[in-house]
Amino acid sequence: MAYNLASMTVQVRSFAKINLGLRIGQARDDGFHELLTVYQTIGLHDLIRVSLSRGSGIEIHCTDPRVPRDESNTCYRIVEKAMRAMKARGRVLIDIEKRLPVQGGMGGASANAVATLLALERVVKKALPTEERLRIAAEVGSDLPLFLVGGTVLGVGHGEKVYPLEDLPATACVVVTPAVGVSTPNAFGEWDRRTHGAGTSAFVALSAAAGSNRPGKNKRSELTLPGPSDRMVELGRGLSAWLSESYSGAPFRRGRAENPLLALVRAGIKNDFEQVVFPEYPELSEGKSALERADAKYASLSGSGSTLYGLFASKEAARTAVTKLRRQGWAAQATVTLTRREYWKRVFD
């Protein structure tokens, strides 16, 4: 497909995510680990600008020297695949304005790629089918598909199988970004060394809860993974109870004063990466403790780090915590979790 290419630029927001709990299962034959996590999009974001001109190829601009500008960049790889899928031609220019940390555990590179895809569709004036989008996203990276859903999202497999959950209400959040980057492959490698391959993945109870509460989907066999693991089953049962309560409407429509997030916290959500990342980077453990001392209702490492986050009872409490943390020397900023509707509303605003 050829175009009369007067350079049109589309700008989109590339929102970050945090992980509300993360369990690591056994390494698979393909080198990935089985995972169980709940993703949550938040209001912090990068900006992505995409334009199309005559010629061919992909050009990436970014002032952050840590961002690759070649085919190793997730934006580059998703554009290659999307242009082929749309049978489109032209030279694609991608401008990445980084506001999120690199190697921060907030899915910045993955979110950038999905934002690039969404902007490219508008530039080319052709939208890919949803299944095609998800397929392309999963081929580029494990946590890309979550950004095609937004809000509160169940992630299984190696994180690429995503299922929209009923959204948690918007919750005040404080993000702490220590001046250190954590390599996710290295973190997985350290996990394997410390656990000697222990732990596999199964969460039949979670499968049943997620499947039985999705309209028109009574059988979700893809969520039932083989090989029992006590750690993952324990979290699965907790999440199953939370999902059953959530989808029944109790936390949302029966006047309960408690934020349903607290019910999720009581499900026993923890991030396994803390066990291997904190010993290597003690300052990250200190950052989590600082968030807890600042009255976070829940604090955790996001992904493999290095970003830490705390969830707070109110925006005022979050702002007070930011002031306190900055006085202690932490790079902290307040934000809010984004529901699915708000996520999609703000992507193109």
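Bear in mind these aren't lab numbers, they're just calculated from the coordinates by the rules spelled out. Everything quoted here is computed from the prediction, not taken from an experiment. Cβ: placed from backbone, ideal geometry, glycine included. Neighbour counts: every protein chain shown.
Using label points projected 7 Å from each Cα along Cα→Cβ, tell me how many nm separate Ser183 and Asp70, to one decimal.
With each label placed 7 Å out from Cα toward Cβ, I get 1.7 nm.
How much length is gained if the chain between Glu283 and Ala85 is pulled fully straight, taking 0.36 nm per residue apart and subtracting their Cα-Cα distance, in nm to one decimal?
Values: separation 198, 0.36 × 198 = 71.28 nm, distance 4.47 nm.
Going from the current span to full extension adds 66.8 nm.
Using amide H atoms built 1.01 Å from N in the peptide plane, name the residues 5+ places from Ala313, or on other chains, whose amide H lies under 5 Å from its own.
Placed amide hydrogens put Lys297 under 5 Å from Ala313.
Karplus couplings for the stretch 332-349 from phi (6.51 cos²θ - 1.76 cosθ + 1.60, θ = phi - 60°), rounded to Hz, Gly and Pro as x?
10, 8, 8, 8, 8, 6, 10, 5, 4, 5, 5, 4, 6, 5, 8, 4, 9, 5
Enumerate the amide H contacts of Leu35 below 5 Å, restricted to partners 5 or more residues apart or on another chain; note that Pro and chain-start residues carry no placed amide H.
Amide H to amide H, under 5 Å and 5 or more residues apart or across chains, Leu35 pairs with Gly25, Gly157, His158, Gly159.
Can you tell me which aspartates and glutamates have their Cα less than 16 Å from the Cα of Lys324? Leave out same-chain residues fewer than eight positions away.
Glu286, Glu292, Asp295, Glu316
Can you work out ³J(HN,Hα) from phi for every residue in the stretch 108-124, in order, using Karplus 6.51 cos²θ - 1.76 cosθ + 1.60 and θ = phi - 60°, giving whole Hz and x for Gly and Pro?
x, 5, 5, 4, 4, 5, 5, 4, 4, 4, 5, 5, 4, 4, 6, 5, 6
Amide H neighbours of Val336 under 5 Å, at least 5 residues apart or on other chains, H built in the peptide plane: list them.
For Val336, whose amide H was placed from the backbone, the distant partners under 5 Å are Gly43, Leu44, Cys173.
Pairs of lysines 8 or more apart, or on different chains, with alpha carbons under 18 Å: count those in the stretch 41-139, would you?
The number of close lysine pairs in the stretch 41-139 is 4.
Please list, in order along the stretch 59-64, the HN-Hα scalar couplings obtained from phi with the Karplus expression 6.51 cos²θ - 1.76 cosθ + 1.60 (θ = phi - 60°), rounded to whole Hz, x for Gly and Pro.
After applying 6.51 cos²θ - 1.76 cosθ + 1.60, I find 10, 10, 10, 6, 7, 7 Hz.
Between Glu59 and Phe32, what is the spin-label point distance in nm, taking each point 7 Å from the Cα along the Cα→C-beta axis?
3.5
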